[in-house]
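Encoded as structure tokens, the structure appears first; notes follow it.
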Amino acid sequence: MKRSTKWIHLLIGPALFFLCRFLLPASVFTDAVSRSAIGTVAWMAYWWVTRPVDLAVTAFLPIAVNAIFPMTGMSTVIANYSSETILLLLGSSILAVSMEITGLDKRIAARFLGLIGEKLRLQLIFWFILSALLSAILPNAVVCATITPIAVSMLKFAGEGDVSSSRIGSKLLLYIAYGVGIGGLFSPLGGAMNLVTVDYLQQVTGQEFMYGVWVVRFLPFMLVLLISNIVFMLRDVKKTDALSGSRQYFIEEYQKMPPMSRGEWGSLILFAVATLLSFTRELYKDLIPGLKPAYVFIICAILSFLITDKDHQRVIRWKEVQGKIVWELIFVFAGGLAAGSLINGSGAAEAIGSFVAGLGLTGDIFTILMIVAVTLILSDVTSNTATASVAIPIVISIVKGIGLDPVPWIYIATIGVNLSYMLPTSIRAIPVGYGLEPKYMLKEGWKMSIMVIILMTGVAWLLLTYWPAFSTIL
């Protein structure tokens, strides 16, 4: 980037902040606090896309701006940089590095490439479906944090390790994140935002909500999402596009590898234990309530430093590990969470919701379109759970005011709450930390967002019109 261009991008960031602070309509954002929060997100989004500074530097803007223009309690903002999710990412990063140091990553990559083959279409579909299926029953952050480093290991082995300059690598990591987001919609276990939805459904009906009902109600949306996302994903992928090498080559490489070393076994066992315990938390949460996935990964990361080779020498040492951890990933994720805290703590999210409520919605297809669009966009700039907490009660108020049953409209709002594509916030910060360019994410994300908003609006209208059960929880 030319020096003059870099300076222009540097100046546009804060300019966007002040434009939002002083020029956003007071009729919607009634005070400078909420306008400042919107401005901070605009500043961060612009710098993340144009990259006049490192991504991690931009991630600290919420702290700096909130110190000068207070929008919410600073302790709330700072807490995002040491949250449980951040510890989860740190733990998974250390385990990923241990696999790299021991050579386990190459063994896994060769095995996967030998089984699936090098065809890019098959690779994309495999990782996308795998991510979606796992995130249907597991926290999105856990799935994305465990699957992404394995995919990166495979890319390195196939000669596509520089994700930022690799079309194949960028597309693969982006669609892992998309798959994780879509899969979260398939069951209440897909994320905390879905539990918020369940709570409101029980409040408005006065009945217990059965998780099986969720799967049935959202199955049509899931089918359309999976098919449309795969079609969009493969639209510019030729049949001849492939990871370098051939399937036979990877099979032969795997066969030439020596038996697994003690270090490899240690890394594999710890990663498997961390993943298994995170996935099966329901089985032991009452017995050990404090052992959440974040702490499981931290404990296993600590144990990785005790791995020894056949001569009883430690294989993993901190000096080597700290240079390989993708610290940028951790800070970008934290910055996205912090931006969400500003949006919610300043009242900006409520202001947006109130604005939508005042549009004179009548319960027609335009109402569906607005709810899906606003919740999806909100999920892009803040966390999915925060969006659910703010948006769903507003939606309930709107439809009750119109005189409609709120149940199907809660379902509709939940679609946008779960889906987001454009910015490196929430789980989408994870692939960015491994080299995915935010500019590429935005380029693909805005097209995906428009397509999904239109499709989900159409499916919701059809279900609301022709499927009476869509308006019940039975």
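The values are calculated or read from the model by the stated rules, or taken from the named source; none is laboratory data. What you are looking at is a predicted structure, and each value in this text was computed from that prediction instead of being measured. Cβ: placed from backbone, ideal geometry, glycine included. Neighbour counts: every protein chain shown. Heavy atoms of the whole protein, side chains included, go into the accessibility calculation; ligands, DNA and RNA do not. Shrake-Rupley method; radii C 1.70, N 1.55, O 1.52, S 1.80 Å.
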## Note on the structure
Of (1) surrounded by fewer than 17 Cβ atoms within 10 Å (Cβ to Cβ); (2) touching a residue at least 40 places away in the same chain (Cβ under 8 Å); (3) under 22 Å from R428 (Cα atoms), E160 satisfies every one except (1)
### Residue match in the range 280-288 (condition: among the hydrophobic types (A, V, I, L, M, F, W, C) and in contact (Cβ under 8 Å) with a residue 12 or more places away in the chain)
no
### Filtered residues of the range 258-284 (kept if exposed (fewer than 15 other Cβ atoms within 10 Å of the Cβ), closer than 26 Å to L174 by Cα and modelled with pLDDT of 85 or more)
A272
### Task
Within the range 177-215, work out how many residues are open to solvent by 60 Å² or more (accessible area, probe 1.4 Å) and over 25 Å from I394 (Cα atoms).
0
### Task
Determine the pairs where a residue that is more than 11 Å from M71 (Cα to Cα) and touching a residue at least 40 places away in the same chain (Cβ under 8 Å), located within the range 28-42, has a partner that is buried (at least 17 other Cβ atoms within 10 Å of the Cβ) and of a type in the set (A, V, I, L, M) with Cβ atoms under 7 Å apart, the partner being 6 or more residues away or on another chain.
V28/A351; F29/I38; F29/A348; F29/A351; T30/A351; V41/A339; V41/I343; V41/V381
### Message
Which residue is modelled with the highest pLDDT, if the candidates are limited to the range 204-257 and must be among the small types (G, A, S) and in contact with a helix residue (DSSP H, G or I) (Cβ under 7 Å, 6 or more places away or on another chain)?
### Response
S228
### Query
Can you pull out the residues in the range 363-397 that are at pLDDT below 75 and farther than 25 Å from L219 by Cβ?
V381, T382, S383, A386, S389, V390, P393, I394, S397
### Task
Keeping to the range 133-154, report how many residues are touching a residue at least 40 places away in the same chain (Cβ under 8 Å), of a type in the set (A, V, I, L, M) and either more than 20 Å from E282 (Cβ to Cβ) or open to solvent by 40 Å² or more (accessible area, probe 1.4 Å) (or both).
6
### Message
What are the pairs with Cβ atoms under 9 angstrom where one residue, in the range 259-271, is without any contact (Cβ under 8 Å) to a residue 24 or more places away in the chain and the other, located anywhere, is outside any helix (DSSP H, G or I)? Sequence gap at least six, or different chains.
### Response
W265/I307
### Verdict on M210 being of a type outside the set (G, A, S) and either more than 30 Å from V372 (Cβ to Cβ) or touching a strand residue (DSSP E or B) at 6+ places or on another chain (Cβ under 6 Å) (or both)
no
### Summary
Counting only residues in the range 323-336 that are surrounded by fewer than 24 Cβ atoms within 10 Å (Cβ to Cβ) and in contact with a helix residue (DSSP H, G or I) (Cβ under 8 Å, 6 or more places away or on another chain), the one modelled with the lowest pLDDT is identified as V326
### Message
Tally up the residues in the range 440-474 that are within 30 Å of T50 (Cα to Cα) and open to solvent by less than 20 Å² (accessible area, probe 1.4 Å), please.
### Response
6
### Query
Mind checking whether some residue in the range 427-439 is of a type in the set (A, V, I, L, M), within 14 Å of the chain's Cα centre (by Cα), open to solvent by 10 Å² or more (accessible area, probe 1.4 Å) and closer than 26 Å to L219 by Cβ?
yes
### Query
Restricting the search to the range 402-458, which residues are at pLDDT below 85, under 24 Å from N194 (Cα atoms), β-branched (V, I, T) and in a helix (DSSP H, G or I)?
I427, I430
